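The structure appears below as structure tokens.
The values are calculated or read from the model by the stated rules, or taken from the named source; none is laboratory data. The structure presented is a predicted model; accordingly, all values stated were derived computationally and were not measured. So basically every Cβ, Gly included, is an ideal-geometry build from the backbone, and we count neighbours across all protein chains shown. Surface areas here come from the heavy atoms of the whole protein model, side chains and all, with no ligands, DNA or RNA. Shrake-Rupley method; radii C 1.70, N 1.55, O 1.52, S 1.80 Å.
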Amino acid sequence: MGFGDEFQRLSKYFRESLKGRGLDWDRKPPLYKKYPSENKTIELPRPDREGGQPLYEAVQERRSVRNYKNTPVNAKTLSQVLWAAQGITLATEYHQFRASPSAGALYPVETYCQVNNVEGLEPGLYHYQVPYHALTLVKEGSFGLDLARAALGQKMLRDSAFNLVWTAVIERSKWKYEQRAYRYIYLDAGHIAQNAALAAVSCGLGSCQVGAFFDEEVNRVIEVDGEAEFAIYMSSFGIPK
Ligand SMILES: Cc1cc2nc3c(=O)[nH]c(=O)nc-3n(C[C@H](O)[C@H](O)[C@H](O)COP(=O)(O)O)c2cc1C
């Protein structure tokens, strides 16, 4: 039996094991990751919340697209994809619910946008600030090739207009779900990536999901520690060739 089989077995729920578990609200991790205020933050264009291509058509058309034109994507399109992935769609007194579901509304997944070719945005690595629908600059530069190398040499990450990298801030989910959190982060990320992929189709983009990568190399590119926060999934986006 491998460690994956063990993980599946050990992270099962049983009626007995769920009894008597409470939550320590004083230790609830913060919901949002923040960068120092010196980091430049760029507001994204307001995303459309209606219209676009009918959903069934987008579902029918979506395919993994790995070859992109060397044509810039506009900021509105990037905004639309980010909103569909993780944008806030309902704010209540206690929760800010997002476009994609998340176990316990704990939202452990962070989105990084590595920009290669987007109008009005310098190439660089940005962090998506969910509550402000904005991008905070982590570092300027062309990191597409680094990401491609970290993803077993998959060139689409170099040739794309932008790539989204999703990480998990594991404590946000572990706080409630303990080891089962390791199931939920991947489920959350799958929902997010699919929403992004469908929005991309609707905006005339193609995308490809990427699960094959050297974890620590991706963590280094996006400057996360690999322990408290680590990369779990990526997608490349661009205008199909
Ligand atoms: C979890 C996951 C990981 C994937 N990783 C990669 C990848 O690293 N590289 C790649 O080219 N495609 C990757 N794909 C895309 C699949 O190859 C693709 O979805 C599959 O061939 C079906 O084709 P379709 O997406 O066009 O329907 C991944 C898809 C998923 C869901």
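Here are a few things to note about the model shown:
- Residue list for region 203-218, filter: within 10 Å of the ligand (Cβ to nearest atom), in contact (Cβ under 8 Å) with a residue 40 or more places away in the chain and not aliphatic (A, V, I, L, M): Gly206, Ser207, Cys208, Gln209, Phe213
- All positions within region 155-178 that are within 16 Å of the ligand (Cβ to nearest atom) and open to solvent by less than 30 Å² (accessible area, probe 1.4 Å): Met156, Leu157, Ser160, Asn163, Leu164, Val165, Trp166, Thr167, Ala168
- Matching entry among Leu145, Leu152 (being open to solvent by 40 Å² or more (accessible area, probe 1.4 Å), assigned to a loop (DSSP other than H, G, I, E, B) and not charged (D, E, K, R)): Leu152
- Tallying residues that are without any contact (Cβ under 8 Å) to a residue 40 or more places away in the chain and more than 16 Å from the ligand (Cβ to nearest atom) within region 51-88 yields 3.
- Ala58 meets each of the listed conditions (1) within 19 Å of the chain's Cα centre (by Cα); (2) in a helix (DSSP H, G or I); (3) surrounded by fewer than 19 Cβ atoms within 10 Å (Cβ to Cβ) apart from (1).
- One residue stands out in region 80-117 among those that are outside any loop (DSSP other than H, G, I, E, B) and of a type in the set (S, T, N, Q): the one that is farthest from Met156 (Cα to Cα), namely Gln96.
- When residues of region 198-213 are limited to those that are crowded, with 24+ Cβ neighbours inside 10 Å and part of a strand (DSSP E or B), the one nearest to the chain's Cα centre (by Cα): Val210
- Residues of region 1-42 that are of a type in the set (Phe, Trp, Tyr), open to solvent by less than 90 Å² (accessible area, probe 1.4 Å) and not in a loop (DSSP other than H, G, I, E, B): Phe7 alone.
- Any hit, region 214-222, residues being assigned to a helix (DSSP H, G or I), open to solvent by 10 Å² or more (accessible area, probe 1.4 Å) and of a type outside the set (Asp, Glu): yes
- Within region 25-50, tally of residues that are among the acidic types (Asp, Glu) and either within 16 Å of the ligand (Cβ to nearest atom) or touching a residue at least 40 places away in the same chain (Cβ under 8 Å) (or both): 1
- Tally of residues being closer than 20 Å to Ser37 by Cβ and under 14 Å from the mean Cα position of the chain (by Cα) across region 135-170: 1
- Any hit, region 180-197, residues being farther than 12 Å from Ala103 by Cα, within 16 Å of the ligand (Cβ to nearest atom), part of a loop (DSSP other than H, G, I, E, B) and open to solvent by 10 Å² or more (accessible area, probe 1.4 Å): no
- In summary, Leu90 fulfils each of the numbered conditions (1) surrounded by 14 or more Cβ atoms within 10 Å (Cβ to Cβ); (2) among the hydrophobic types (A, V, I, L, M, F, W, C); (3) under 17 Å from Arg46 (Cβ atoms) with the single exception of condition (1).
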